[in-house]
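A.B. asks: A single structure is presented below for examination.
Where a number appears in this text, it was derived from the coordinates with a stated rule and is not lab data. All of these numbers come straight from a predicted model, not from anything done at the bench. So basically every Cβ, Gly included, is an ideal-geometry build from the backbone, and we count neighbours across all protein chains shown.
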Amino acid sequence: METKKLTAQEIVPASRKLGRDDAIKLASAAKKITVAKGKKVMSFAGGKNVSNETIDNMLGPTGNLRAPTIVSGSQILVGYNEDVYADIFSK
């Protein structure tokens, strides 16, 4: 983030667990959601009628929001994939 001169507006410590309700709230406010699980990258539409599939993919095996989760404008990035980050933050 430093190389792109990005700063976090809010950092949530790992001790504060964000669950399904938090994921729904974030997804409902977004237009686009990108979820990265290793090399697998999935894109979903956000909004009021966000699907259960979208929420399920945003959550890890413990039922908590996967990390890192970044909200950038109307887009949410969940998980880490170097190519996705490079594409989004190079603009």
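A.B. asks: Can you sort VAL78, VAL41 from fewest to most other Cβ atoms within 10 Å of each residue's own Cβ?
C.D. replies: In increasing order of surrounding Cβ atoms, one gets VAL41, VAL78.
A.B. asks: Here's something else I'd like to know. Counting other C-beta atoms within 10 Å, which of THR69, THR62 has the fewest, and how do the rest follow? Could the numbers behind the result be given before it?
C.D. replies: Working: THR69 17, THR62 9.
Ordered from fewest to most neighbouring Cβ atoms within 10 Å, THR69, THR62 come out as THR62, THR69.
A.B. asks: Next question, about the same structure. Mind sorting LYS32, LYS25 by how few other Cβ atoms lie within 10 Å of their own Cβ, fewest first?
C.D. replies: LYS25, LYS32
A.B. asks: Classify the range 31-83 as rounded, prolate or oblate, taking a ≥ b ≥ c as the square roots of the eigenvalues of its Cα gyration tensor: rounded when a/c is under 1.5, otherwise prolate if a/b is larger than b/c and oblate if not.
C.D. replies: oblate
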